[in-house]
Each structure stands twice: as structure tokens, then as C-alpha cells.
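A short worksheet on the structure shown next.
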Amino acid sequence: MKFSKRDLAGLSNGHLVFKDEPAFDESLLEEYPRIRKIRKTYVNGEGTYDAGNGHLYLKLKVRGEMVVPCDVTWEDVDLPFDFEEDVELVFGNSEDPDVYPVLSNVLDTDPVVLRLIYQDIPLKVVREGILDYPKGDGWEVIREEDYARSKENRIDPRMAKLMELKTKD
């Protein structure tokens, strides 16, 4: 969605309501390597423009689906997202890291929405139902549960000699 400063200033009471289905340009996705593709994105919400200080306050509801890599196998994983976020934008520069600056007279919300989607990706994404974990010459990826189980059953080699002495008595 794009809003010009002139259009926002002409709003009655500075209030706007919107719905959009953004299609993100490939050049925008290059900045976010964990996102391979975004499909079916829906954005709706409302906003208030304060012409006195040039701030636009948006309440966004974003939902859709993205494709991200599996952290184990690097295969594509479809990941739905559905969140609400309050966003503040300002025409001009801002020292506040929570305020998105708009350096032209036209505000484009697509980069802001894309950043919010990126922030919604979990730290670890693992595809369900992985049967074969990757392995190579001298290494393999194992499940966390298998690793924890192997640590429980392992005897410290320093204690193994003491165990031998104890069983002889």
C-alpha cells in the first residue's frame, strides 16, 4: 500500500481503514535470506495520521504463508503467519529505532510489512516427519532426544576403571 503525504493530510479526522494483498518484489526478498517465498499475504487494519508531527500510527493485522528453509535439511517448509502489530511511521528522520522513517513524500508499507513477517519467523524451523537426517564422512545430524538419551547412558571413561575395581570385590 502506498500513501502520499498529501492524501494523508486530506483525511477527515486523520483516520483511515485499509485492506491489501501485497505482492512482494523479489528485490525486497533479497534482504531477508531466511525467506524463500511469500504467498497469500493479507494485510488489513486502520491508522491515524497526525499532520502536526508527521506521524502515522497503524494497527496492522497480517496473515499469510511463507516458505523458509528447514534448519536441519535445508528443504522448503511452508510456514503460516498470523499476527497483529502496532507500527509508527514518520515523514522525515527519526532517532527512535521503533519508528520507521519515511524519507520521501510517498509512504510504502510493503517494506514495513515484510520486516514484520521476517521478525515472525521462529528461531528454529524443522520440517515435520524428517526420516533421514543428513550425514557425511565422520559426522551425522541426530535428534536432540537421541543426543540426550546417549548422554544419560554414557559412562565417564575416568569412572569406568573404578567400576571395574568395584565389581571384582
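The values are calculated or read from the model by the stated rules, or taken from the named source; none is laboratory data. Everything numeric here is computed off the predicted structure, so don't read it as measured data. Cβ coordinates were reconstructed from backbone atoms using ideal geometry, including for glycine residues, and neighbour counts include every protein chain displayed.
A few remarks follow.
- All positions within the stretch 123-133 that are modelled with pLDDT under 80, within 25 Å of the chain's Cα centre (by Cα) and within 14 Å of TRP74 (Cβ to Cβ): ILE130, TYR133
Yes or no, residue by residue, for (1) closer than 19 Å to GLU26 by Cα; (2) modelled with pLDDT under 85; (3) hydroxyl-bearing (Ser, Thr, Tyr); (4) not in a strand (DSSP E or B):
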{"residue": "VAL62", "(1), (2), (3), (4)": "no, no, no, no"}
{"residue": "VAL67", "(1), (2), (3), (4)": "yes, no, no, no"}
{"residue": "TRP74", "(1), (2), (3), (4)": "no, no, no, yes"}
{"residue": "VAL77", "(1), (2), (3), (4)": "yes, no, no, no"}
{"residue": "PRO80", "(1), (2), (3), (4)": "no, no, no, no"}
{"residue": "GLU85", "(1), (2), (3), (4)": "no, no, no, no"}
{"residue": "LEU89", "(1), (2), (3), (4)": "no, no, no, no"}
{"residue": "ASP96", "(1), (2), (3), (4)": "no, yes, no, yes"}
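- Pick from the stretch 48-60, criterion of a type in the set (A, V, I, L, M, F, W, C) and assigned to a strand (DSSP E or B), ranking: farthest from TYR32 (Cα to Cα): LEU56
- Residue check for GLU21: assigned by TED's automatic domain parsing to the domain that holds ASP96, modelled with pLDDT of 90 or more and over 30 Å from VAL141 (Cβ atoms): yes
- Residues within the stretch 112-122 that are surrounded by 13 or more Cβ atoms within 10 Å (Cβ to Cβ) and in a helix (DSSP H, G or I), tallied: 7
- Cβ-Cβ distances below 8 Å connect the following pairs, each with a first residue in the stretch 123-139 that is in contact (Cβ under 8 Å) with a residue 40 or more places away in the chain, a second residue that is part of a loop (DSSP other than H, G, I, E, B) and hydroxyl-bearing (Ser, Thr, Tyr), and a separation of six or more residues or different chains: ARG127/THR73; ILE130/THR73; TYR133/THR73; PRO134/THR73.
- GLU88 being closer than 19 Å to VAL68 by Cα and of a type outside the set (Ser, Thr, Tyr): no
- In the stretch 4-18, residue modelled with the highest pLDDT [restricted to those that are polar (S, T, N, Q) and at negative phi]: SER4
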